[in-house]
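Written below as structure tokens is the structure these notes are about.
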Amino acid sequence: MPRRNSNAPHIPVVATIDIGTTSARAIIFSQEGEEIAKHQIEYSTTASETPAESQNTDQFRRRSSLLRHNEPIFTAEGIAISITDDVEIENNSASAGPTLRFPQPGWVECMPVHILANAVQCLTACLITLRKINQNPALSLKYKVKAIGIANMRETTIVWLRKTGKPLSNGITWTDTRTSEIVQHLEKMIDDDRKEELKQKTGLPLSTYFLAAKLRWLLDNDDVIREEYEKGDGNLMFGTVDTWLIYHLTKEKTFVSDVTNASRTYFMDLETRDYDDDLLDFWGIDPTRIRLPKIVSLSEFYGSFAAPNLSQLGFHNRITQEAYDILKAITGVPICGCLGDQSASLVGQLAVKPGLAKCTYGTGCFLLYNTGTRKLISEHGTLTTLGYWFPTLEGEDGLPHYALEGSIAVAGSIIQWLRDNLKLIENAKDIGPLASQVPNSGGVVFIPAFSGLYAPYWDGGARGTIFGMTQYTSSSHIARAALEGVCFQVRAILRAMANDAGASEDFLEEALTNQNEKKPLLALAVDGGMSKADEVLQIQADILGPCVTVQRAVISECTALGAAIAAGLSFKDPQDRVWKDFDDVIAKVHDTKAEDRNSFVAQLADKDRRARWKRWENAVDRAKGWLDEE
Ligand code: ADP
């Protein structure tokens, strides 16, 4: 066979893996941010495993394809890329059952080997698409994967054995609350000064979210893990999803964690970007007994891609020879970008200058506000996190950038509640049209505090409340008030963040009159399911006022794009990079033609906006402490 000339002119593209909480996907991006190939696997999110209770949904069908014996796991464009072994699949074998598991109320586990297999399957499917595109004779230059990037759900804890590479337990996902007793106990043990000291170092409050509590739980409750820990022979390994994937997808078995993921462990000092002895000690972790991954930047060479041996990891749905052949197209390609999902969408939204913010309206809502090289500790209860760090870039862009992070527990889920519990709509997409049947909420304020109020209000005793209804109130008013309830909270968080960054209390209003002042926030870049509705974004723009433009991402897969940017910029020599620097990314990826369609500016009169904001704040005051009064 003639040897292919790998230096032949080609079009460089970046392959990405994006591991979400409920799905895995791979996307291959062009330099223009175009999706050349994409494949996604969704997981079942029901606690039940029986088909009847899964209601034969698409999700179940996709999951069941992992279960059925003697059939391809999935086919992409007619090619079976993975088949089951002849081995009988035992119920407790690594490959049986769903990726996500709900063994007890409040417990959410994931199967690390499934996640790895899903990532490989998605990548393979994308490569099949790419091969097909490259076979088109009309294409004068072929696409070639130049770099691989990874984005992942954060705070999910995986422990495995170095000897075998196999996990010692299921992964504990970020939403799992089994550690609440550990956290409550620690809260009681320490005084306010100590809490403040920990917050200054980590940027985080004590919470069930972060990895430290989950690792502590595993050491306290899992006999096998504890035994390995006590042996202390260097065999026990700990990591987040990024660490797990990079370990198994690199020829070198590289054991690293990118700094944005590591900043959520509660073991890392935000200033030094390294593990801190005092923090490890606080959680009773001896780093000589468990290996912690080396903390690295999100944009550098980690290792060269090599397909993992899934059978050796106990995953019986072994990859076919054909699939391995397809994966050869990227064998040796550098894995050189990796970041946690919220940082990834900050980068993918191109919010790479201080003062830019992004908001992802999914089931819940995640806001990140880029504070540049300044590490700010919030006075208003938002978290401090590592936004991104691109060490290859020149000047300020090459320094670690921090972000304030705030979340709203109920965002898109309020739409699901209106659909499923109140039956106001049939589909989520009907919410915009319903809400826009009325010009305003008719005086109704809906506080969607189903599980209390989070930042910046912090009131665990608040509950969902609807104020101001009259005989005149219609379902459209309620729908509109529900959407406004999410958007008012976004305003409150942004105001608090800008305030932490030195802006005055009411910068959104003051910037209207003071044209010379440097505005602390110019645009809010938005993405996520709920941002698909123009009506939601117009309401958001009206609530924020004319100082801030709401800008919907033209590329909806911002998280994966962030991983592509990290990988594409990682090469030391700018000539080798897919993009030269941030300006080059913005110039190539930013579609100015689509900007108008996706930009929302306030249309509401100033006095109406102020009156509505006041009414919202009054309503919040009344909703607070509802449970405390029982
Ligand atoms: P997640 O990543 O948290 O699963 P997504 O970004 O997929 O979330 O967003 C899902 C949410 O978006 C759902 O809660 C749904 O209510 C909402 N949603 C989906 N489509 C629309 C739409 N067209 N209009 C308004 N909301 C929508």
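For the residues Leu206, Leu100, what sequence is obtained by ranking on other C-beta atoms within 10 Å, fewest first? Fewest to most other Cβ atoms nearby, the residues stand as Leu206, Leu100. The value obtained for the chain, namely the Cα convex hull volume divided by the number of residues, is 173 Å³ per residue.
The fewest-to-most ranking of Leu327, Leu161 by surrounding Cβ atoms within 10 Å reads Leu161, Leu327. Considering only Pro293, Val113, Thr384, the residue lying farthest towards the positive end of the dipole of the chain is Val113, judged by Cα position with unit charges set on Cβ. Summing charges over all other residues whose Cβ lies under 13 Å from the Cβ of Lys163, with Lys and Arg as +1 and Asp and Glu as -1, gives +3. A Förster distance of 41 Å, applied to the separation of the beta-carbon atoms of Ser474 and Glu379, puts the FRET efficiency at 0.50. Taking each residue as 0.36 nm, the span from Asp191 to Asp584 lengthens on full extension beyond its C-alpha to C-alpha distance by 136.6 nm. Take the Cα of Glu230, go 7 Å toward its beta carbon, and the backbone nitrogen atoms of the range 275-290 under 17 Å from that spot belong to 285-286, 289-290.
The trypsin sites (Lys or Arg not before Pro) of the range 547-630 that DSSP puts in a loop, and whose beta carbon has at most 12 other beta carbons within 10 Å, are Lys572. In the chain, taking the dipole from charged Cβ atoms about the Cα centre, the farthest positive-side position among Val486, Gly97, Gly149 is held by Gly149. Between Gln312 and Trp458, the contour length at 0.36 nm per residue exceeds the Cα-Cα span by 47.8 nm. Bridgeable aspartates and glutamates around Lys588 (alpha carbons under 12 Å apart, same-chain partners fewer than 8 residues away excluded): Glu32, Glu34.
Extension gain for His10-Leu627 works out to 215.8 nm (0.36 nm per residue, less the C-alpha to C-alpha distance). Between Asp274 and Asn221, the simple spin-label model (points 7 angstrom out along Cα→Cβ) gives 3.4 nm. Ordering Ser441, Ser436, Ser345 by the number of other Cβ atoms within 10 Å of each residue's own Cβ, fewest first, gives Ser436, Ser441, Ser345. Across all Cα atoms of the range 282-370, the radius of gyration (one decimal) and Dmax (whole number) stand at 18.9, 50 Å. Per-residue ellipticity at 222 nm, computed for the chain from helices alone with -39500 (n - 2.57) per DSSP H run of at least four residues, works out to -10000 deg cm²/dmol.
Only Lys, Arg, Asp and Glu carry charge here, each on its Cβ (+1 for the first two, -1 for the last two); on that basis the chain has a dipole of about 1600 debye about its Cα centre. Report the paramagnetic label zone for Arg597: residues of the range 523-550 whose backbone N is under 16 Å from a point 7 Å from Cα along the Cα-to-Cβ axis. Correct set: 532-535.
Inter-part distance, the range 129-153 to the range 538-579, computed on C-alpha centroids, equals 21 Å. The Kirkwood radius of the range 416-508, taken over pairs of alpha-carbon atoms, gives through the Stokes-Einstein law at 20 °C and 1.002 mPa s a diffusion coefficient of 148 µm² s⁻¹.
None of the figures in this text is laboratory data; all of them are computed from the coordinates on show. Being a predicted model, the structure only gives us computed values, none of them experimental. Cβ sites come from the backbone with ideal geometry, for glycine too, and all protein chains shown count toward neighbours.
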